[in-house]
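Below is one structure, written out as structure tokens, with a few remarks after it.
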Amino acid sequence: MPLHLDPVDDRIVRLLRKDGRMSNARLAEAVGLSQSACLRRLRLLEKSGVIRGYTALIDLPADEEPTVVIVQITLERQTEEVLNRFEMAVRRCPEVRECYLMTGLSDYLLRVETEDAAAYERVHKEVLSRMPGVARIQSSFAIRTVIRNRQPV
């Protein structure tokens, strides 16, 4: 069950989205709590799953950037069983960085990262096309990144 965020919890989450390395002392001061009260709230946000983890965003040199492919998947049917089987399979594919259940013409939208086009061809042929229930795959290669990791509003 998700934790209800009061205004202080919401401010903690917003500040950590902007700076996940912010010290507890700075965070406590910014939200107007003692350090111990702030740490208790932070641990509760982590325990409840509101904060699922922390990560480092790395800027790679252009020649090391992965090939990004946006993939639209259409399933044969949209029954709960078919959706669940597809979602279980897509979770096992490490090249799939994001997966969204969609409305509209396709059922799922995936962001796939590989070393190059040949590596994506292997993922397409050996993994995506063999996932349960897949009827159609439409792939679009990203030419370059325009915006990345924009801060949420």
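Read the figures in this text as sums done on the coordinates, not as results from a lab. Here the structure is a predicted model, which means the values were calculated and not measured. Heads up, the Cβs are rebuilt from the backbone with ideal geometry, glycines too, and the neighbour counts pull from every protein chain shown.
Over the chain, the ratio between the Cα radius of gyration and 2.2 N^0.38 Å evaluates to 1.33.
Label separation (L5 vs A118): 4.5 nm, computed from points 7 Å beyond Cα along the C-beta direction. Which one of A89, A142, A28 has the biggest mean-square fluctuation once the chain is modelled by GNM with Cα springs under 10 Å? The residue that fluctuates most here is A28. Normalised by the number of residues in the range 36-153, the average gap of Cα pairs under 8 Å and 6 or more apart makes the relative contact order 33 percent. For the chain, the mean residue ellipticity at 222 nm estimated from helices alone is -11000 deg cm²/dmol, where every DSSP H run of n ≥ 4 contributes -39500 (n - 2.57) and the total is divided by all residues, rounded to the nearest 500. A convex hull fitted to the Cα coordinates of the range 7-47 yields 58 cubic angstrom per residue. Evaluated with a Cβ-only charge set (Lys, Arg +1; Asp, Glu -1), the chain carries a dipole of roughly 560 debye about its Cα centre, given to the nearest 20.
Applying the criteria of a DSSP loop state and at most 14 other Cβ atoms within 10 Å to the trypsin sites (Lys or Arg not before Pro) of the range 10-105 yields R21, R52, R77, R92. Charge dipole (Cα centre; +1 on Lys/Arg Cβ, -1 on Asp/Glu Cβ; no other charges) of the range 7-47 amounts to roughly 100 debye.
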